[in-house]
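The values are calculated or read from the model by the stated rules, or taken from the named source; none is laboratory data. Remember, predicted model here, so these are calculated numbers, not experimental data. Cβ placement follows ideal geometry from the backbone for every residue including glycine, while neighbour counts extend to all protein chains displayed.
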Amino acid sequence: MLDARFVRENPDIVKNALAKRGMDVDLVPFIALEDERLVFIKDADELREKRNKVSEEIAALKRRKEDASALIEEMKDVSARIKEYEEKLNDVGRRTREFLLTLPNLPNESVPVGRDETGNVEVRRWGTPREFGFTALNHWDLAEMHDIIDFDRAAKIAGARFALMKGLGARLERALMNFMLDLNTSKGYKEVFPPILVNAESMTGTGQLPKFEMELFKTFDELYLIPTAEVPVTNIHRAEILEESKLPLYYTAYTPCFRREAGSYGKDTRGLIRQHQFNKVELVKFVKPENSYDELEKLTNDAEDILRKLELPYRVIALCTGDIGFSAAKTYDLEVWLPGQGRYREISSCSNFEDFQARRADIRFRREGKKGTEFVHTLNGSGLAIGRTLVAVLENYQQKDGSILIPEALRPYMGGVERIGAAPVCK
RNA sequence: GGAGAGGUGGCCGAGUCGGUCGAAGGCAGCCGCCUGCUAAGCGGUUGUGGGGGUAACACCUCACCCAGGGUUCGAAUCCCUGCCUCUCCGCCA
């Protein structure tokens, strides 16, 4: 959420920044509402001041056993007017807040300007896509060949866009989770395992609500299935004032993630790329404002490191103003090479939200020796999406005979299994 | 699911028949003083947010005692609803 005061005092800056996102926002009604709100606050405060003063007088009179009925009579009217103002204030305050909650974050100046994903900028590449010397298969063909993912039975159990992992497929999924968590924790990220069902306040804190409810699975108990661990982990510190000395805070979490994928009909209908339920290991940071862009580079590098250790070719994309997410001020996507598709596909998204989420979720810190508080900056990134990493491993490590080598880094997590397919394998 | 208890400032904890309570007291913290050092002791101080004000402080004012309503001239204190926590019973991975 943007700061109400900042918006009303800098409407041009806000309007121009949002224009870069391709939005034409009319701030005039908002500012009018704000002006009204400020007047109400002033008037209501003055009345309340009077009420407080007179109440003391009444109390003093009563203590002296004197008659206070004239004052009480007078205050009845004052109180009634205060109530009127409070109702107006509630109404206006609610409307300004609702408006602000629907405004996305302002892009950072370093974000390339562009209308849509065609405006994204490749920042760097790592690794070289392998020369196969044969036609590389899709991961779903490979998975079927080895009976490690069963989409048909998953559809029977749950529906489309679900997967049943079996045998070494399930083992590989688990190996990736553990490998990533171990690597992340070795870099100082604290491992947490949060609730994956959260309340509306948490969803509002990170920006999923109120605008994107249609993308979420909701239960009958007013709880939502998380679309990413970003939600519960960022909300760990909701409504808290942190000590400066505790910052930065780094967390990593494995969680399942759930997305309705409304509006993605016909996209990635086969395979593991786009599922209603998938596993992900997430990185989350709480940092001081002056460090947040350094921290974004470091976080992105930490996510990249996972791909490097798995020896999977990837590239880093700086999303342009028209393509960054609602809450983000800047985002790098990591895209891994998928031979089966012959192109790079998103496997991680690393963002700096600056104080956008912190303001919504009320996460502040106090500087040593200074009075007052400031909002922290929050960041997060996938480190990494497990399902898509598994896809990348299957497709990049496939051999001519159809077997799949296990990346060196994962073998300790696979009980020593080096290959899916040719060698003795459990099916 | 059934039966009770409770939610107060960084923490502990007091708030009597509603009135001078932003809230006693203690601890922790901070600033002084004192003391060979440390401890103890003495004095002072220490919440958050909004509005106004200032070059910046200062300062003025309003709100906040889980949340939202209600009663009242006036509520931390009374009433209602919700949320959460704890204890006991039942049930269960």
(request) Scan (1) within 16 Å of RNA strand B (Cβ to nearest atom); (2) surrounded by fewer than 16 Cβ atoms within 10 Å (Cβ to Cβ) for the single condition A:THR102 breaks and write down its number. (result) (1)
(request) Filter segment A:67-80 down to the residues that are loosely packed, with under 14 Cβ neighbours inside 10 Å and either outside any helix (DSSP H, G or I) or more than 10 Å from RNA strand B (Cβ to nearest atom) (or both), then identify the one that is modelled with the lowest pLDDT. (result) A:ASP67
(message) Take the residues in segment A:322-371 that are under 30 Å from A:PHE134 (Cβ atoms) and among the aliphatic types (A, V, I, L, M); name whichever of them is farthest from RNA strand B (Cβ to nearest atom).
(response) A:LEU338
(request) Would you please name the residue that is nearest to A:VAL78 (Cα to Cα), looking only at residues in segment A:54-64 that are more than 7 Å from RNA strand B (Cβ to nearest atom) and part of a helix (DSSP H, G or I)? (result) A:GLU57
(request) Please go through segment A:28-41 and pick out each residue that is under 18 Å from A:ARG359 (Cβ atoms) and more than 12 Å from RNA strand B (Cβ to nearest atom). (result) A:PHE30
(request) Output the residue which, of all residues in segment A:162-205 that are among the polar types (S, T, N, Q) and modelled with pLDDT under 95, is farthest from A:LEU379 (Cα to Cα). (result) A:ASN199
(request) May I ask you to verify whether A:PHE6 is of a type in the set (Phe, Trp, Tyr), exposed (fewer than 15 other Cβ atoms within 10 Å of the Cβ) and either more than 7 Å from RNA strand B (Cβ to nearest atom) or modelled with pLDDT under 90 (or both)? (result) yes
(request) Return a yes/no flag: does segment A:395-405 have any residue that is surrounded by fewer than 24 Cβ atoms within 10 Å (Cβ to Cβ), in a helix (DSSP H, G or I), more than 16 Å from RNA strand B (Cβ to nearest atom) and free of Cβ contacts under 8 Å to residues at least 24 places away in the same chain. (result) no
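Residue-by-condition table, conditions (1) part of a helix (DSSP H, G or I); (2) crowded, with 17+ Cβ neighbours inside 10 Å:
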{"residue": "A:THR204", "(1), (2)": "yes, yes"}
{"residue": "A:PRO210", "(1), (2)": "no, no"}
{"residue": "A:MET214", "(1), (2)": "yes, no"}
{"residue": "A:GLU222", "(1), (2)": "no, no"}
{"residue": "A:PRO227", "(1), (2)": "no, yes"}
{"residue": "A:VAL231", "(1), (2)": "yes, yes"}
{"residue": "A:THR234", "(1), (2)": "yes, yes"}
{"residue": "A:ILE241", "(1), (2)": "no, no"}
{"residue": "A:SER245", "(1), (2)": "yes, no"}
(message) All but one of (1) touching a residue at least 60 places away in the same chain (Cβ under 8 Å); (2) away from RNA strand B (no atom under 16 Å from the Cβ) hold for A:GLU374; state the number of the condition that does not hold.
(response) (2)
(request) For segment A:328-358, enumerate the residues that are farther than 18 Å from A:ARG125 by Cα and crowded, with 22+ Cβ neighbours inside 10 Å. (result) A:ALA328, A:ALA329, A:LYS330, A:SER351, A:ASN352, A:PHE353, A:GLU354, A:PHE356, A:GLN357, A:ALA358
(message) Looking at A:ASN380 and the list (1) surrounded by fewer than 21 Cβ atoms within 10 Å (Cβ to Cβ); (2) under 14 Å from the mean Cα position of the chain (by Cα); (3) not basic (Lys, Arg), which single condition is not satisfied?
(response) (1)
(request) Out of the residues in segment A:256-288 that are in contact with an Asp or Glu (Cβ under 7 Å, 6 or more places away or on another chain) and not in a loop (DSSP other than H, G, I, E, B), state the one that is surrounded by the most Cβ atoms within 10 Å (Cβ to Cβ). (result) A:GLU282
(request) Look through segment A:120-173, keep the residues that are part of a helix (DSSP H, G or I) and exposed (fewer than 15 other Cβ atoms within 10 Å of the Cβ), and return whichever of them is nearest to the chain's Cα centre (by Cα). (result) A:ALA170
(request) Scan segment A:174-190 and report the pairs whose first residue is touching a residue at least 24 places away in the same chain (Cβ under 8 Å) and whose second residue is of a type in the set (Gly, Ala, Ser), with Cβ atoms within less than 8 Å and a gap of 6+ or a chain change. (result) A:PHE179/A:ALA409; A:MET180/A:GLY383; A:ASN184/A:GLY383
(request) Look through segment A:176-214, keep the residues that are of a type in the set (Val, Ile, Thr) and more than 16 Å from RNA strand B (Cβ to nearest atom), and return whichever of them is farthest from A:PHE278 (Cα to Cα). (result) A:THR185
(request) Restricting attention to segment A:230-289, report how many residues are modelled with pLDDT of 95 or more and among the acidic types (Asp, Glu). (result) 2
